[in-house]
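K.L.:
Below is the structure I would like to discuss, written out as structure tokens.
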Amino acid sequence: MEKTINPEVRQELDEADWDDIFPRLLRYAQSRSYKIRWIGSAAADPEELVGEAIALAYGVGKNDGYREWNKEKFPNLLDFLQTIINSLISHLNEHHNKFPSDEIDDELSSDNPDPEKLVLQKDLQEKLYNRIYQEVEGDDEMETVILCYEEGITTPRDIAAQTGFDVAQVNNTLKRLRRKLRPLLSQLFPEKGH
């Protein structure tokens, strides 16, 4: 059921320049979706994210969802819709990350963990990192960042602290790394659509 929204807000949504906002919002959603795929989180369809963000602003989101546009905090409609996309992605990540970690924790904490599964998982992980290292061989910055990821150090700030690089340098290296690895990731995980 559609929520009752402030008529002024409704009118502003109706009169918004969607020809300008929609493609910019879609690019934003694509960028955010790509980033979460890179870190191995839940896949998110950018078009679905944009559609749901707009639906939530109108009060017709999934499960009768509604996000009220606080125009004092977000005077720009695009900024407001981007916060909804961030929220949707965050929610997806929480839901996605909950299950694998619970399963692994259960496996490790049970009285009889399956050693074969643990060895297979470790072996696959090593093979993946070996392939990645082959792709970036000779680029010390990328190799260093990959090593950090392998050790569980994944935020640019933490990588910078660990390596002595500045955060801007880490971010630049991550961008180069994503571009470099896109063909490999597409080959290894075609269903993810890298």
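K.L.:
Arrange the following residues from fewest to most other Cβ atoms within 10 Å of their Cβ: S90, S33.
P.N.:
S90, S33
K.L.:
Still on this model: Arrange V9, V145, V136 by Cβ neighbour counts within 10 Å, fewest through most, would you?
P.N.:
V9, V136, V145
K.L.:
Mind sorting E143, E151 by how few other Cβ atoms lie within 10 Å of their own Cβ, fewest first?
P.N.:
Result, fewest neighbours first: E151, E143.
K.L.:
Report the gain in length on full extension from L124 to W18: 0.36 nm times residue separation, minus Cα-Cα distance, nm rounded to one decimal.
P.N.:
33.6 nm
K.L.:
OK, next. When only alpha-carbon atoms are used, what values of Rg and Dmax, in angstrom, describe the stretch 145-192?
P.N.:
When restricted to Cα atoms, the stretch 145-192 yields Rg and Dmax of 12.0, 36 Å.
K.L.:
With Cβ to Cβ distances under 15 Å as the rule, what net charge do the other residues near L25 carry (K, R +1; D, E -1)?
P.N.:
-4
Taken together, the values in this text are just the output of simple stated rules run on the coordinates, not laboratory data. Keep in mind it's a predicted model, so treat the numbers as computed, not measured. With ideal geometry, Cβ positions are generated from the backbone for all residues, glycine too; neighbour counts draw on all protein chains shown.
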